[in-house]
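The values are calculated or read from the model by the stated rules, or taken from the named source; none is laboratory data. Predicted, not measured: the structure shown is a model, and the values here were computed from it. So basically every Cβ, Gly included, is an ideal-geometry build from the backbone, and we count neighbours across all protein chains shown. Heavy atoms of the whole protein, side chains included, go into the accessibility calculation; ligands, DNA and RNA do not. Shrake-Rupley method; radii C 1.70, N 1.55, O 1.52, S 1.80 Å.
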Amino acid sequence: MSYLSNLRKAALSAALAVSFAIPLAASASADEQYFPLQSYRVGPYAAGGTGFFGGFIDYLNLINIRDGGVNGVKLTWDECETQYEVERGVECYERQKSHPAIAAWNPLSVGIAYAMIDRITQDKIPLITINHGRTDSTDGRVFPYVFPLLLNPYSESSGIINYIASKEGGVDKLKGKKIVVLYHGSPYGKETIPIYELLAQKFGFTVDQIEVPHPGNEQQSQWLTIRREKPDYVVLRGWGVMNPVALKTAQKTGFPADHIVGNVWSNSEEDVIPAGDAAKGYVAITTQASGAQYPVLQEIIKTVYGAGKGNLEDKKRIGSVYHNLGIVNGILNVEAIRIAQQKFGNRTLTGDEVRWGFEHLQLDQARVAALGAKDLFHSINVTWDNHEGDGRVTFQQWDGAKWNVVSDWIAPDWALLRPIIEKSSTAYAAEHNIKLRTPADAEAASN
Amino acid sequence: MFDFDYSFFLEVLVGGLLSGVMYSLVAIGFVLIYKTSGVLNFAQGAMLLFAALTFVSLVERGVPFPLAFIATFVVMAVLGMAIERVVLRPLVNKPPITLFMATLGLSYVIEGAAQLVWGTQVHGLDLGVDDTPFEVSGILISKFDLFAAAIAATMVAFLTAFFRYTRIGLAFRAVADDQFAAFAVGLRLPRIWAIVWTAAGAVALVAGLLWGARLGVQFSLSLVVLKALPVLVLGGFDSILGAIVGGLLIGASEKLAEVYIGPFFGGGIESWFAYVVALVFLLIRPAGLFGQKLVERA
């Protein structure tokens, strides 16, 4: 009797909870847009995670506090800790995916992004992999919901070679030069091997690609080999502890730091500070300059940190490489929502509508300046079939205390790279029975 | 005709030997614990990280270098004794796999605690030793690696003298030889284990500072245990001399293999080549080069 009574009470409570919850959820999604953040604030990669997600949240907070949201639609988020581990990232996805009004996923992890591609494609929600991810996901005909914004690994390689060419006085001066690519022993590290071979063939330089086994805390033999080969430049395609160890070992073997050019995951303060003086003069690629002098950073400091809502515990990290990457990522997400709202109305959007927004994310330099980000990043021009968006790159040199920009904004050789990307993406499409999208498919968005 | 570059070979060899000394520094911490209590302390890497992180965090907060060193030593001594008292003493007489799993769990707890106490940022650590190389007959030698080798040699000399010439050192050896016999003649095992864990904490501090100066103080520092394991297999789990010799052999062989054999496999072989060497030794000599052979009676 008592058991039945309890059961009845429980059923009634559940029914009441559901009847209240449905309108609450509906009203929440009526004027909110939600970002599930698969962040990593502990574990070996926490330094990058706290900077990136801190910057992203700081920008979302700026939009909420200063503008009351995007055209009245408040931005919300919650964090789920992944420790940069793929299985935890997938767990977070499962936990967060039922939340209404998801705008986009932003895991900042190649492994987690790979694990989510099929899932988010089925859910019709964009997956943003700014500066990283699958290179062939640039092809929006095959990957409608994946956006490697600003830079993919192939463009990065091309941008680095174009920078070296500019240092040497033009691409014709690359002929006869020797470049060593020192790469992390992982799928990420190996991804650009064919591209450097291709670029070497095209420009007539010699390339030698040397692997450093994970995690990269021993590089004596690799750098002694480099010393013997006497290259003109070393491209550092590192990750985590491999980067400072590369710089320290380069110093030990007498290779000059200013002839080492780091890739986009070897370009942060966390990569150079542990190397101490050995990092002085080291140059690295970036899509977003560091520093807090840009108007949008100043607004964040005044409005968000002034209100005590800043996300970084250590305010000295404001304007650091990862923090600024998070801010730029915030700008791109928010502008995609704003652009989609122009078509679908100033309301909570579906994931597919936000996808449409990303596929029309065209911010020229004037618009970037209006957003307070002039010189923080250059521009972006995403289309339905180009999900990278022709991002420009610049190069920064470490002076022992901070990064200083030492180049103009450089364009990678997209025309050279596109056929290789399409070859890979169409092979993927054939393997997975994916029908290539048309502009008409891309224009339609479901709600 | 094959033109062999002897100078380059020598350079790789010297670099490998000096790297091997760094591996030995970590391995010695394992040996101390294993020798006296039979526990393979997988938490040694986490202790090394905790020591380096504590030291650098104190220095960054303005604590003078010697004071930071002493304070970190005290912290490591307390940590070592706490581990022995809270985790290992209740597990005395449990199977070795239980003790190993306890230290495995402990390593995660220490890493988590380190992040909780000192934060997640990476730090540079400057010990005041210039890391620029000097040249001897065309071979570049790292000043820092020589400094590390000198520290390792001093530590080994100190530990050897301690084990051989002090009463507590003799007690350590008695416990290492036969715990039950040592207990029967009145040696206080818990006290000895507490001292050994303190000593392992001190070794973790020295190794942590040297590795921290080499890699930067960051969370992957605890992964250096992976470099110590093949050294232990090769040299023996209970021999300090074995840790040194094993370190030198592993360091030299993995560097030479990377340079001369690596290109045939696409490079990047040194991390697993060390384990190949260790496995071969394990098959030929299971107790390692200097380890005690176990004689079990039926």
Checklist line | For segment A:73-95 versus segment B:62-109, the gap between their alpha-carbon centres in whole angstrom | finding: 33 Å
Check: For segment A:253-267, what does the Karplus curve 6.51 cos²θ - 1.76 cosθ + 1.60, with θ = phi - 60°, yield as ³J(HN,Hα) per residue in whole Hz, taken in order and with x for Gly and Pro?
Finding: 9, x, 8, x, 5, 6, 10, 10, 10, x, 8, 6, 9, 10, 10
Next item on the list: Could you please put B:ASP145, A:ASP232, B:ASP238 in sequence from largest to smallest accessible area, using a 1.4 Å probe?
Entry: A:ASP232, B:ASP238, B:ASP145
Notebook entry, point to check: Of B:VAL175, A:ASN152, A:ILE112, whose Cα points farthest to the positive end of the dipole of the protein assembly as shown (charges on the beta-carbon: +1 Lys, Arg; -1 Asp, Glu; origin at the Cα centre)?
Noted result: B:VAL175
Check: At a 1.4 Å probe, which residues in segment A:217-237 are at least 10 Å² less accessible with all protein chains present than in their chain isolated?
Finding: A:ASN217, A:GLU218, A:GLN220, A:SER221, A:GLN222, A:LEU224, A:THR225, A:ARG227, A:ARG228
Check: lysines within cross-link reach of A:LYS315: Cα-Cα under 30 Å, excluding same-chain residues under 8 positions apart?
Finding: A:LYS74, A:LYS248, A:LYS280, A:LYS302, A:LYS374, A:LYS402
Checklist line | Rg ratio (alpha-carbon, reference 2.2 N^0.38 Å) - the protein assembly as shown | finding: 1.05
Note to self: Rolling a 1.4 angstrom probe over the protein chains, ignoring ligands and nucleic acids, what is the accessible area of B:THR54 in square angstrom, nearest 10?
What the structure shows: 0 Å²
Next item on the list: In whole angstrom, note down how far apart the Cα centers of segment B:190-265 and segment A:392-447 are.
Entry: 43 Å
Margin query: At a probe of 1.4 Å, how much accessible area disappears from chains B and A on forming the pair, both sides counted, to the nearest 100 Å²?
Written below: 2900 Å²
Item checked: Size of electric dipole in segment B:24-223: Cβ of Lys, Arg +1 and of Asp, Glu -1, about Cα centre, debye, nearest 20 -> 820 debye
Item checked: Too-long pairs where the Cα-Cα distance tops 23 Å, listed order kept, from A:LYS177/A:LYS202; A:LYS173/A:LYS423; A:LYS167/A:LYS202 -> A:LYS173/A:LYS423
Item checked: Within the accessible area of chain A (1.4 Å probe), percent carbon and sulfur -> 54 percent
Note to self: Ignoring trypsin sites (Lys or Arg not before Pro) that are buried or in helix or strand per DSSP, and keeping those with at most 12 other beta carbon atoms within 10 Å, what is the longest stretch of chain A between them?
What the structure shows: A:176-434
Check: How much solvent-accessible surface does A:PHE255 expose, in Å² to the nearest 10, with a 1.4 Å probe and all protein chains in place?
Finding: 30 Å²
Notebook entry, point to check: Roughly what percent of Cα-Cα pairs across segment A:275-392 reach past 24 Å?
Noted result: 37 percent
Margin query: Name the residue from A:ILE301, B:GLY45, A:SER137 whose Cα lies farthest towards the positive end of the charge dipole of the protein assembly as shown, charges +1 on Cβ of Lys and Arg and -1 on Cβ of Asp and Glu.
Written below: B:GLY45
Next item on the list: Determine how large the accessible area of A:TRP239 is when every protein chain is in place; take a 1.4 Å probe and give Å² rounded to the nearest 10.
Entry: 40 Å²
Next item on the list: Name the residues whose placed amide hydrogens come within less than 5 Å of the amide hydrogen of A:LEU127, ignoring near sequence neighbours (fewer than 5 apart) on the same chain.
Entry: A:TRP105, A:VAL146, A:PHE147
Next item on the list: Show A:ASP385, B:ASP3, A:ASP58, A:ASP78 ordered by accessible area, largest first, where the area counts protein heavy atoms only and the probe is 1.4 Å.
Entry: B:ASP3, A:ASP78, A:ASP385, A:ASP58
Next item on the list: Answer with one residue from B:PHE30, B:TYR165, B:ALA148: the one whose Cα lies farthest towards the positive end of the charge dipole of segment B:24-223, charges on Cβ with Lys, Arg +1 and Asp, Glu -1.
Entry: B:TYR165
Note to self: For a quick check: with amide H placed at 1.01 Å from N, whose amide H comes under 5 Å from A:THR82's, ignoring anything fewer than 5 positions away on the same chain?
What the structure shows: A:SER39, A:TYR40, A:ARG41
Item checked: Solvent-accessible area per residue, Å², over segment B:24-223 with all protein chains present [probe radius 1.4 Å] -> 43 Å²
Next item on the list: Tell me which residues come under 5 Å, amide H to amide H, from A:TYR34 once H is placed; ignore anything under 5 positions away on its chain.
Entry: A:THR76, A:ILE102, A:ALA103
Note to self: One quarter of the convex hull surface, Cα atoms only: what value does that give for segment A:154-194 in nm²?
What the structure shows: 3.2 nm²
Next item on the list: For segment B:94-135, state which residues have at least 30 Å² less accessible area in the presence of all protein chains than in their chain by itself, taking the probe as 1.4 Å and leaving out ligands, DNA and RNA.
Entry: B:GLN115, B:THR120, B:GLN121, B:VAL122, B:GLY124, B:ASP131, B:PRO133
Checklist line | Pairs of Cα atoms farther than 20 Å apart, segment A:373-447, % | finding: 54 percent
Notebook entry, point to check: With no solvent and one point on each alpha carbon, what is the Debye value of log10 I(q)/I(0) for segment B:24-223 at q = 0.10, 0.13, 0.18 Å⁻¹?
Noted result: -0.45, -0.73, -1.24
Check: Quick one: ranking A:GLU422, A:GLU269, A:GLU443 by accessible area, 1.4 Å probe, largest first, what do you get?
Finding: A:GLU443, A:GLU422, A:GLU269
